[in-house]
Amino acid sequence: MSKIRIAVLVSGSGSNLQAILDGIENGRIDAEVALVFSNRKDAFALKRANSKNIKTFYLNIKNFKSDEDYDKAIIQKLKEYSIDYVILAGYLRILTPLFIKTYRNKIINIHPSLLPKHGGKGYYGIRVHESVINSKDEYTGATVHFVDEGTDTGNIILQKKIKVDKDDNAETLQKKVLEIEHKIIVEAIDKLVRGEEFEKSFD
Ligand code: GRF
């Protein structure tokens with residue numbers, strides 16, 4: 001029986017992609033990353049994929065008339081590679097309703113906060129952690145969730161929280177939370193691939 005095939009969509013350094021690739025290599029995830037797509041030609045994540053001989057591809061948004069045409073081109077590639085699940089790992093574009101519909105309940109995203117807090121339009125990267133610091137939250141963490149038509153609003157698969165120390169700032173939080181992301185992205189994909197019922201774990 002062939003392995004479950006995953007596509008990972010990236011825009012940046014790809015540390016979450018790296019965690020997924022490491023998770024597969026050390027047997028934590030029983031699937032294969034068949035494709036890595038980026039909207040950014042210079043995404044270091046593409047180099048990480050190439051070093052593992054994983055098929056990568058990039059599309060320049062400027063060559064497309066609309067967001068929908070752009071997503072149609074991505075979907076065509078996902079079909080060509082018989083992709084079963086799509087992982088958004090630091091992918092900074094919002095998917096169109098067409099994409100969501102085509103892969104409903106097959107797309108997951110990793111977000112660097114305890115959703116629904118500090119999520120939604122404009123909450124990405126360091127801004128998320130600045131919002132946590134400004135809110136004086138006692139805890140923060142990371143969330144893996146299914147992607148629906150909203151922004152960071154789909155059903156939560158897994159969350160892991162950490163305490164915010166009094167001397168933390170947005171930069172120190174970002175580093176700590178990224179480590180949590182690397183753990184729960186692997187755990188969540190393992191559950192997804194095994195079709196395990198999802199329970200929220202706030203450990
Ligand atoms: C990070 O801000 C992470 O919190 C979010 O995407 C950004 C880049 O992650 N999920 P990566 O290193 O490109 O995986």
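In table form, for the structure just shown:
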item	result
Counting all C-alpha pairs of segment 27-91, share separated by more than 19 Å (%)	35
Packing rank of 179-188, 79-88, 12-21, 96-105, where each peptide gets the mean count of other beta carbons within 10 Å, highest leading	12-21, 179-188, 79-88, 96-105
Dipole magnitude of the chain about its Cα centre (Cβ charges: Lys, Arg +1; Asp, Glu -1), debye to nearest 20	580
Whole-Hz couplings from phi, Karplus 6.51/-1.76/1.60, listed for segment 146-161; x for Gly and Pro	6, 9, 10, 5, x, 10, 6, 10, x, 3, 7, 9, 7, 9, 9, 10
Antiparallel bridges, percent of DSSP beta bridges restricted to the chain (to nearest 5)	40
Residue-wise HN-Hα coupling along segment 6-16, computed from phi with Karplus coefficients 6.51, -1.76, 1.60 (Hz; x: Gly, Pro)	10, 10, 10, 9, 9, 9, x, 5, x, 5, 6
Rel. contact order, % - alpha carbon contacts under 8 angstrom, at least six apart, segment 23-81	29
Whole-number D in µm² s⁻¹ for segment 102-203, Kirkwood Cα-pair radius fed into Stokes-Einstein, 20 °C, 1.002 mPa s	156
Compactness of the chain as Cα Rg over 2.2 N^0.38 Å, two decimals	0.99
14 Å Cα-Cα reach of K55 towards aspartates and glutamates, excluding residues that sit fewer than 8 places from it in its own chain	E32, E80
Ranked K65, K175, K55, K191, criterion: other C-beta atoms within 10 Å, fewest first	K65, K175, K55, K191
Set of aspartates and glutamates with alpha-carbon distance to K163 below 19 Å, sequence-local pairs under 8 removed	E130, D137, E138, E171, E179, E181, D203
Listed pairs K136/K191; K77/K101; K160/K191; K72/K106; K101/K121; K3/K175 exceeding 23 Å between Cα atoms	K136/K191; K3/K175
Selection from I110, T56, I157, by position along the positive dipole direction of the chain (Cβ)	T56
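Here, each number is a calculation from the coordinates, and none is a lab measurement. Model, not experiment: these values are computed from the prediction. Note that we place each Cβ from the backbone using ideal geometry, even for glycine, and neighbour counts take in every protein chain shown.
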